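Colleague: Got a structure for you, written out below as structure tokens; questions coming shortly.
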Amino acid sequence: MIRSLSSIVFFLTLLLAWEFVARSGHYSPVLLPSPLNVLEYIWQATCDGTLWVATLVTMKRLMLGYGLGLLFGIPLGLITARFRLLQDTLGLLALGVQTLPSVCWVPLALLWFGQTEAAMLFVVVMGTLWSVIIATNDGVRAMPPIYLRAARTMGSKGLHTWFKVILPASLPYLVGGMKQGWAFAWRSLMAAEIFVTILTGFGLGQLLQYGRELLAMDQVVAVMAIIVVIGLLADRLLFSPWERFFHRRWGTGSMK
Amino acid sequence: MSIENALINIAPERIEIDGVTKSFTTNRGTIVALDNVSVKVAEGEFLCLVGPSGCGKSTLLNIIAGLDTPDSGRVLANGESVTGPGRDRMVMFQEHALFPWLDVLGNVMFGLRLKPGLNNKERKEVAKYYLDLVGLSKFQHANIHELSGGMKQRVALARALAPNPRVLLMDEPFAALDALTREQLYGDIQRIWEARRKTIVFVTHNVREAACLGDRVLLFSPNPGRIRAEFQVDLPRPRDINSVELARYSTEITTALKGFTNKQGTEAAE
């Protein structure tokens, strides 16, 4: 109760300060819209459907790219951790490529795929995949080897060991990796949507970019705010429950 | 298999260790952990392996468990050559090695789920029987990190007993516990050994512990790892770790232990 109250007070103060600076007249309202202008835009764009459609288009792309990243990243991370040859080859590649900011994939994607959905998907998958591989790999390698020995004495081997020991033992790291993958997917998608203009769907990134071209700062700020809110919601609804569960089971983490 | 069969007191196993040698190469040279070691463990015997750290006693235990393979020599369990881990030989480690993603009951069920011929209801009943045997039936849904060190080792004991092995291999299972908890567990392990007759091979560096638990105590010396002496402990059970008779045995073993460790020291000095 007190904690949610302090959050509310904090954000209200932030908004008030912003409103105050905007009204002071020091800055052109074209460059610094007031929170009220932004809210007005959000209301309008929600009513005429622009925001809904853009959010839906973006989420669809995100889910597809993120899903593919996890689908390939988790198994690849599991096997790079367990086989030295793959660790020294694929693992090293993943470690190198994940340092590449996702926007760097955009020129390549544009030349390979043109202004298409495929280009966008490619950028998101490249932005997600490598970091998921690395996080999964690290999680498996952090597992105490005694678990495997204990499991072997009880008759566990092969796939049973993979699904009943290695996978659950590295789950807390996996969720960390999925969370990081989510953040990377978001970043890559926004980069892609800003640079790739296509007619098959008008996402939040494109809305942001058009806001800049039309000099509609209320639109730019509103879209940014929506991106932040979606990110927060994803963290709270998708990842936090899992993390809380692991902290309770494993007895890790002192933060409430 | 019915629940009665799953809980039946099956015959303990005879173990023969025949000329086992095992060495490890480290960056400081080759260490001969076991040098042509031969031991016979009788059915239902409680055998303790004692020695300073690095004398190969844990290595021998791992080889019996099938977790390690010897360079030469072999291990026979009931006349059959040991080639890998088996449900007839369960291991209890110094670190409890319980799985934190499962609760207490889940941990005891882990090995049982891999045992064919039982349905899940029977497995649960078996698990509960062993949790009751180690005095933890009230904690079946507790998370592992909520238990004390002694309770964790009790769960580990229940987990090792649950598949009804014929041999129990214990690798310094009480070394990380405080003295009071340890004393309690000495009583428990003797009581459980009476109830569920097993062949037990118990590794420790604590001489008194060995004298308290073992029918027989083997003294190991390090590098090369060899058996130096053998002691028969003929005391009635249950034994009290603090009894005077026990102290006599442990003094005798300690003297022998000091004898060869000192001698080794002078050999090295020469």
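Colleague: Of the residues A:GLU193, A:GLU117, A:GLU40, which exhibits the maximal mean-square fluctuation in a Gaussian network model of chain A defined by a 10 Å Cα contact cut-off?
Modeller: Result: A:GLU40 has the largest fluctuation of those listed.
Colleague: Take peptide B:105-118, look around each residue's Cβ out to 10 angstrom, count Cβ atoms belonging to other protein chains, and average those counts. Kindly include the intermediate steps, with their values, before the conclusion.
Modeller: Values: counts 0, 0, 1, 0, 0, 7, 6, 1, 5, 7, 2, 1, 0, 0.
The mean count of partner-chain Cβ atoms within 10 Å per residue comes to 2.
Colleague: Okay, moving on. Just want the answer: with Cβ charges of +1 for Lys and Arg and -1 for Asp and Glu, which residue in B:VAL126, A:LEU56, A:LEU171 is farthest toward the dipole's positive end in the protein assembly as shown?
Modeller: Farthest towards the positive pole: B:VAL126.
Colleague: Give me the summed buried accessible area for the B-A pair, 1.4 Å probe, to the nearest 100 Å².
Modeller: Working: alone 12590 and 15780 Å², together 26320 Å².
Protein heavy atoms only, the B-A interface buries about 2000 Å².
Colleague: Provide the net charge surrounding A:GLY201, with neighbours chosen by a C-beta distance below 15 Å and charges set as Lys +1, Arg +1, Asp -1, Glu -1. Intermediate results must be reported in sequence, preceding the final value.
Modeller: Details: positive: A:LYS60, A:ARG61; negative: A:GLU117, A:GLU193.
Around A:GLY201, the charge tally is 0.
Colleague: How long are the semi-axes of the equivalent ellipsoid of the protein assembly as shown, taking √(5λ) for every eigenvalue λ of the Cα gyration tensor, in whole Å from largest down? Walk me through the intermediate numbers first.
Modeller: Values: eigenvalues 787, 129, 97 Å².
Semi-axis lengths for the protein assembly as shown are 63, 25, 22 Å.
Colleague: Does any residue of region A:144-159 lose at least 30 Å² of accessible area with all protein chains in place compared with its chain alone, and if so which ones (probe 1.4 Å)?
Modeller: A:ILE146, A:TYR147, A:ARG149, A:ALA150, A:ARG152, A:THR153, A:MET154
Colleague: Can you work out the FRET efficiency for the pair A:LEU85 and B:THR26, with r the C-beta to C-beta distance and R0 = 30 Å, to the nearest 0.05? If you can, show how the numbers build up before the last one.
Modeller: On the way: r = 24 Å, r/R0 = 0.81.
Plugging the Cβ-Cβ distance into 1/(1 + (r/R0)^6) gives 0.75.
Colleague: A further question follows. Ranked from highest to lowest mean number of other Cβ atoms within 10 Å per residue, what is the order of the peptides A:234-243, B:223-232, A:7-16?
Modeller: On the way: A:234-243: 13.6, B:223-232: 17.3, A:7-16: 10.7.
Listed from highest to lowest mean packing, they are B:223-232, A:234-243, A:7-16.
Colleague: Further question on the same structure: Rounded to the nearest Å, what's the spacing between the alpha carbon centres of region B:81-159 and region B:2-22? Just the number, please.
Modeller: If you average the Cα positions of each part, the centres end up 18 Å apart.
Colleague: Taking B:LYS152 as the anchor, which aspartates and glutamates have their alpha carbon closer than 17 Å to its alpha carbon, excluding any fewer than eight residues away along the same chain?
Modeller: Filter leaves B:GLU95, B:ASP103, B:ASP132, B:ASP171, B:GLU172, B:ASP178, B:GLU183, B:ASP188.
Colleague: For the protein assembly as shown, what is the accessible area per residue in Å² when the probe is 1.4 Å? Write out the running numbers ahead of the final one.
Modeller: On the way: 26320 Å² over 526 residues.
Each residue of the protein assembly as shown exposes 50 Å² on average to a 1.4 Å probe.
Colleague: A follow-up question, please. Give me the distance in nm between label points sitting 7 Å out from Cα along the Cα-to-Cβ direction at A:LEU159 and A:LEU36, one decimal.
Modeller: Inter-label distance under the simple model: 6.5 nm.
Colleague: Please give the average number of partner chain Cβ atoms lying within 10 Å of the Cβ of each residue in B:88-100, rounded to a whole number.
Modeller: On the way: counts 0, 1, 4, 5, 2, 4, 1, 3, 2, 9, 3, 7, 10.
Mean partner-chain Cβ count within 10 Å for B:88-100: 4.
Colleague: Next question. Of B:LEU219, B:LEU147, B:LEU257, which is the most mobile in a GNM of chain B whose springs link Cα atoms less than 10 angstrom apart?
Modeller: Residue with maximal mean-square fluctuation among B:LEU219, B:LEU147, B:LEU257: B:LEU147.
Colleague: Under a point spin-label approximation (7 Å from Cα along Cα-to-Cβ), what is the B:GLU43-B:ILE3 distance to one decimal in nm?
Modeller: 2.9 nm
Colleague: Now for a different question. Charges on Cβ only, +1 for Lys and Arg, -1 for Asp and Glu, centred on the Cα centroid of region A:36-250; of A:GLN44, A:PRO144, A:VAL221, which one is farthest towards the dipole's positive end?
Modeller: Farthest along the dipole direction, towards plus: A:PRO144.
Colleague: Same structure again: Dipole of region B:176-265, Cα-centred, from +1 at each Lys and Arg C-beta and -1 at each Asp and Glu C-beta, to the nearest 20 debye?
Modeller: 300 debye
Colleague: So what's the gap between the Cα centers of region A:145-198 and region A:42-107, to the nearest angstrom?
Modeller: Cα centres, region A:145-198 to region A:42-107: 13 Å.
Colleague: Please name which of A:GLY96, A:VAL21, A:PRO241 has its Cα lying farthest along the dipole of chain A towards the positive end, using unit charges on Cβ (Lys, Arg +1; Asp, Glu -1) and the Cα centre as origin.
Modeller: Going by the Cα projections, it comes out as A:PRO241.
Colleague: To continue, here is another question. Where nothing but the Cβ of Lys and Arg (+1) and of Asp and Glu (-1) is charged, how large is the charge dipole of chain B around its Cα centre, in debye to the nearest 20? Could the numbers behind the result be given before it?
Modeller: Values: 33 positive and 32 negative charges, 96 e Å.
I would put it at about 460 debye.
Colleague: Among the helices of chain A (complete DSSP H runs), which have Cα atoms covering no less than 30 Å along the helix axis and a Kyte-Doolittle mean of at least 0.0? Write out the running numbers ahead of the final one.
Modeller: Numbers: long enough: A:2-23 (31 Å, 1.45); A:50-82 (48 Å, 1.22); A:117-141 (36 Å, 1.23); A:167-195 (40 Å, 0.61).
Span-like helices, by this rule, are A:2-23, A:50-82, A:117-141, A:167-195.
The values are calculated or read from the model by the stated rules, or taken from the named source; none is laboratory data. Model, not experiment: these values are computed from the prediction. Neighbour counts are summed over all protein chains in view; Cβ atoms, including those assigned to glycine, are modelled from backbone coordinates with ideal geometry. What goes into the accessible areas is simple: the full protein's heavy atoms, side chains included, and nothing from ligands, DNA or RNA. Shrake-Rupley method; radii C 1.70, N 1.55, O 1.52, S 1.80 Å.
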